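Undergrad: First the structure, then my questions, so here it is.
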Amino acid sequence: MRELEFAVLGPLEVRDSGTPIRLTGMRRRRLLALLLLRFPHAVARESLVDALWETPPASARQQVHNAIRDLRAALTTTPATAGSGAGSTTGSSVLATTATGYRLDVPPEAVDAHRFTEGARAARAARREGRETEAVRLFRSALDLWRGEAFAGIDCPAVTAAAAGLEEERLTAIEELMELRLAAGESATLVAELSTLTAAHPLRDALRGHLMLALHRSGRQADALAVYDEGRRLLADELGLEPGRHLRRLHTEILTDAREERRTPKPPTTDTPTLTPTPTRQGTEAHHRPTHHGHHSHHGHHSHHGNHLPRDLPDFTGRTAELALLNSETDAHHCTTPLAPPGAPSTIVIDGMGGIGKTALAIHFAHRRTPDHPDGQHYIDLHGFTPDRDPLTPEEALGILLRSDGATPEEIPTGPAERCAAWRSRLAGRRALLVLDNAADAAQVTPLLPGAGDTLTLITTRRKSAAPDGARRLTLGALRQEEAETLFRRVAGESRPAASLARTVTLCGHHPLALRLAATRLRDRPSWTVPDLADRLSTPEGRTALLRTADRGLMPVLALSRTRLPPEAQRLAHLLALHPSTPHDIAAVCAITGLAAPLVEHLLDTLLDHNLADEPAPAHVALPLLVRDCAQSWTPPTEPQLQATARRLTVVA
């Protein structure tokens, strides 16, 4: 009898009775990864198309069909070493075709991620029941399934998002295992292991606290204090923050030679805080509660409370001031005042032009604040600006969020109002985190917001007006010079010469996506120098040609904003992009277009709302360099009230 095993906790592998099955081709491997993400459920064909292509070709469905055929054949072929005969499994029983898509038809235990999750859940149950030795054994067995980064080598946004969630589960299990081992009396034997973990994850305060405690119990008080100081400096330099309350308390106890009973930590309960710090007014007692990863009864619902955040960018760069502002806004919300009672939801909107890094910042910040919001971390792409795809309706988005929170099909009502009520009921009283990415407008996101509970909602959008009532807003602009140069170096390679680097990043508009694309070009062309690249970027045509790779380009990303503009605003952007001078005041724009001042102001407000123009001074607008490049190619239908060509005027400021 064949026994297929699917291993995703490391590079994707399939084994037939222990013998590896060779899967060639990235598309086939991506396809299998996507099927495993939804396992044991079916995946719709349309979902596979959307996940495999940013801009699906006309033949996308046929290509998926062909890839499924090839994958089914690969999973059906028995390796020579395993033999063949009556025990072989037919392809249809492994990869089933449903009315709407495809489903892997294997036992749950055939997937190592399932075994890991179940093992960690069993360990937490043993811990709650006081069986600490068994809990340690179960945690170790579950963690031994990991062979590296989950889904390593699979380049697909949906897969990297799932990998980030699995990595968070792994680190949380490691933290709980270390706490159990400390409680069992291990100290000196844990120092080396905890030192390595803390160096790899320097901003995870639970690991830092465990290392401090292990050093202190080993008689190394000075080293324990040095570990705290290192973390404090890192937090201050990276995020402008101080360590959380619980880490500060541990530091004080070590300074004063803490009481002996502190040396025997108990399993966390509602009344026993763990060592995970938080910069908010509330503790993080819930961070290691079983409800974070298991099933939790709340208002009659059973929620998974899992982490659905996409993977944080490993080379996330800069945004120090923006992160400090987001932290300040979030911490201020948690301060109890008569006007801001505890437990009220908080909403922050990050707006900016396409490719400016809104999603990257929101995901990076969300990972940093996950310990403060342990009752589930949700993410959804609302497709407000996605090629060849309409934005999700609130009803569709609520269905996705409810399913991600563990609602069964029977528990998901029909109708937007009913789904909104069900979603808010599930979030009431919880400390969750919600990322609503790529929002079209305020009407799309308002029904998704919680009504009660200490939930933090982060919204990313290209439009300033998409901020719902009561939300705080952060407009994301270009990177600062030093941040732009650092990002460029990290992508291109630190060894590349820095000559003309300042000019190069300026020609990229200090725009994160443009910088990544340009640096990728340089990295892939060893014969090019930075001055060569700068020369090629010095014209609009050069920027349009160079700022793209095989699978993505800057101009198509920016041009998505055009689809949400009225024709008059498209035409205005086109005319301003063709005009040689910038910035423009109202009178200059009236002269360029022949329009009356009230209409000009209205259209300029529209461009500002969509983050396609800046306002360097009151009543003055300027199109950013890359927007000018993009808008020059726009040719909307000629409007009678707009002149066909831009007047060539010398504007006197």
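The values are calculated or read from the model by the stated rules, or taken from the named source; none is laboratory data. Since the structure is predicted, the reported quantities are computational estimates derived from the model, not experimental observations. FYI the Cβ positions are ideal-geometry reconstructions off the backbone, even for glycines, and counts take in every protein chain you see. Side chains are part of the model used for accessible areas, which takes the heavy atoms of the whole protein and leaves out ligands, DNA and RNA. Shrake-Rupley method; radii C 1.70, N 1.55, O 1.52, S 1.80 Å.
Here's the yes/no breakdown for (1) in contact (Cβ under 8 Å) with a residue 40 or more places away in the chain; (2) surrounded by fewer than 21 Cβ atoms within 10 Å (Cβ to Cβ):
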{"position": "143", "(1), (2)": "no, yes"}
{"position": "151", "(1), (2)": "yes, no"}
{"position": "160", "(1), (2)": "yes, yes"}
{"position": "178", "(1), (2)": "no, no"}
{"position": "190", "(1), (2)": "no, yes"}
{"position": "205", "(1), (2)": "yes, no"}
{"position": "220", "(1), (2)": "no, yes"}
{"position": "225", "(1), (2)": "no, yes"}
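Undergrad: Within the bounds of region 263-270, is there any residue that is out of contact with any Gly (no Cβ under 8 Å at 6 or more places or on another chain) and either in a helix (DSSP H, G or I) or modelled with pLDDT of 80 or more (or both)?
TA: Yes, region 263-270 contains at least one residue that is out of contact with any Gly (no Cβ under 8 Å at 6 or more places or on another chain) and either in a helix (DSSP H, G or I) or modelled with pLDDT of 80 or more (or both).
Undergrad: Something else about it: Tell me which of these residue 538 doesn't satisfy, since it passes every other one: (1) in contact with a helix residue (DSSP H, G or I) (Cβ under 9 Å, 6 or more places away or on another chain); (2) in a helix (DSSP H, G or I).
TA: Here residue 538 clears every test but (2).
Undergrad: Among (1) part of a loop (DSSP other than H, G, I, E, B); (2) farther than 16 Å from residue 204 by Cβ, where does residue 241 come up short?
TA: For residue 241, the failing item is (2).
Undergrad: Among the residues of region 389-421, which ones are open to solvent by 70 Å² or more (accessible area, probe 1.4 Å) and under 21 Å from the mean Cα position of the chain (by Cα)?
TA: Scanning region 389-421 gives 389, 396, 403.
Undergrad: Let me ask something else. Condition test on residue 126, is it modelled with pLDDT of 80 or more, in contact with a His (Cβ under 7 Å, 6 or more places away or on another chain) and open to solvent by less than 40 Å² (accessible area, probe 1.4 Å)?
TA: no
Undergrad: So which strands (runs of 3 or more DSSP E) stay within region 422-490 end to end and still have 3 or more residues that are surrounded by fewer than 19 Cβ atoms within 10 Å (Cβ to Cβ), without any contact (Cβ under 8 Å) to a residue 40 or more places away in the chain and of a type in the set (A, V, I, L, M, F, W, C)?
TA: Filter on region 422-490 gives an empty set.
Undergrad: Across region 555-580, which residue is least open to solvent (accessible area, probe 1.4 Å) among those that are farther than 26 Å from residue 358 by Cα and not in a helix (DSSP H, G or I)?
TA: 579
Let's see how each residue does on (1) touching a Ser or Thr at 6+ places or on another chain (Cβ under 9 Å); (2) open to solvent by 10 Å² or more (accessible area, probe 1.4 Å); (3) modelled with pLDDT of 90 or more:
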{"residue": "338", "(1), (2), (3)": "no, yes, no"}
{"residue": "341", "(1), (2), (3)": "no, yes, no"}
{"residue": "345", "(1), (2), (3)": "yes, yes, no"}
{"residue": "352", "(1), (2), (3)": "yes, no, yes"}
{"residue": "366", "(1), (2), (3)": "no, no, yes"}
{"residue": "372", "(1), (2), (3)": "yes, no, no"}
{"residue": "387", "(1), (2), (3)": "yes, yes, no"}
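Undergrad: What pairs come out if I take residues in region 7-26 that are over 17 Å from residue 146 (Cα atoms) and pair them with residues that are assigned to a loop (DSSP other than H, G, I, E, B) and open to solvent by 60 Å² or more (accessible area, probe 1.4 Å) whose C-beta lies under 8 Å away, six or more apart or interchain?
TA: 16/3; 17/3; 21/77; 26/155
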